[in-house]
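Asks: First, the structure itself, so that you have it in front of you.
The values are calculated or read from the model by the stated rules, or taken from the named source; none is laboratory data. In this text the structure is predicted, and so the values were computed from the model without any measurement. Heads up, the Cβs are rebuilt from the backbone with ideal geometry, glycines too, and the neighbour counts pull from every protein chain shown. Accessible surface is based on the protein model in full, side chains and every heavy atom, while ligands, DNA and RNA are left aside. Shrake-Rupley method; radii C 1.70, N 1.55, O 1.52, S 1.80 Å.
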Amino acid sequence: MSKLVKDKLLTPAEAAKLLHVSPITIRYWAKEGLLPFFSTPGGHRRFNSEDVMNLLNSHSVKKEPRVSFNVLIIDDDNSFLDLISDMIKSISDNIQTFTSSSAFGAGELMQKTKPDLILLDLMMPSIDGFSVCHHIKTNEDTKNINVIAMTGFPSNENIDRIKKAGALTCLAKPISLKEINGAIIPLL
């Protein structure tokens, strides 16, 4: 690495490009303490390029290749889809994520990608997550797909109802990287 790059402070966009994630993920990692940062007088985050490269190198150790693990994420918030997708991809190089913000797109992707796991928002304008989960778990072709629900309304009633529909668990939004890891790693 050249001295110019080594000593440079990076913006979230520049760090994201080096790490092959979105700037939203970089901000999240900074907030969670996974990537050290400096604040400018204007309140903007800057990252030491050496810290970014250390994070990159710590995650570049390749494990034994395995068959891809496909995850379909269904949510009506595109920024949230990007964030969760990046968080999941950071778990392993063998995870492929697919996202959909519509019922039609979700159905099409489910048929096309044959996901191992579906992360499903419970309450969206065009999709009733409870019904979708029930349909997945009672359909002979899809009943073996794991479903993890996500909701901004984690009442006991909603959690019980989605588990009865067949979901493994229900994660309350906002979802941390630790929660995503804890829910997905046992399924790999």
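Asks: May I ask you to list the residues in the range 20-38 that are farther than 19 Å from LYS173 by Cβ and open to solvent by less than 20 Å² (accessible area, probe 1.4 Å)?
Replies: Within the range 20-38, ILE26, ALA30, LEU35 meet the criteria.
Asks: Kindly indicate the residue of the range 52-95 that is buried (at least 18 other Cβ atoms within 10 Å of the Cβ) and in a loop (DSSP other than H, G, I, E, B) and also modelled with the lowest pLDDT among those meeting that condition.
Replies: Ranking the qualifying residues of the range 52-95, first place goes to SER90.
Asks: Just wondering, is there one or more residues in the range 133-150 that are hydroxyl-bearing (Ser, Thr, Tyr) and under 11 Å from the mean Cα position of the chain (by Cα)?
Replies: No, there is no match, as no residue in the range 133-150 is hydroxyl-bearing (Ser, Thr, Tyr) and under 11 Å from the mean Cα position of the chain (by Cα).
Asks: Could I ask something else about it? Among the candidates ASP141, ASP82, which residue alone is without any contact (Cβ under 8 Å) to a residue 12 or more places away in the chain and among the acidic types (Asp, Glu)?
Replies: The unique qualifying residue is ASP141.
Asks: On to the next question. Using beta carbons and a limit of 8 Å, which pairs, at least six apart or on different chains, have the first residue in the range 169-187 and touching a residue at least 24 places away in the same chain (Cβ under 8 Å) and the second one aromatic (Phe, Trp, Tyr)?
Replies: Listed pairs, sorted by first residue: LYS173/PHE80; LEU177/TYR28; LEU177/TRP29; LEU187/PHE69.
Asks: State yes or no: is PHE47 closer than 17 Å to LYS173 by Cα and either surrounded by 21 or more Cβ atoms within 10 Å (Cβ to Cβ) or touching a Leu at 6+ places or on another chain (Cβ under 8 Å) (or both)?
Replies: No: the conditions fail for PHE47.
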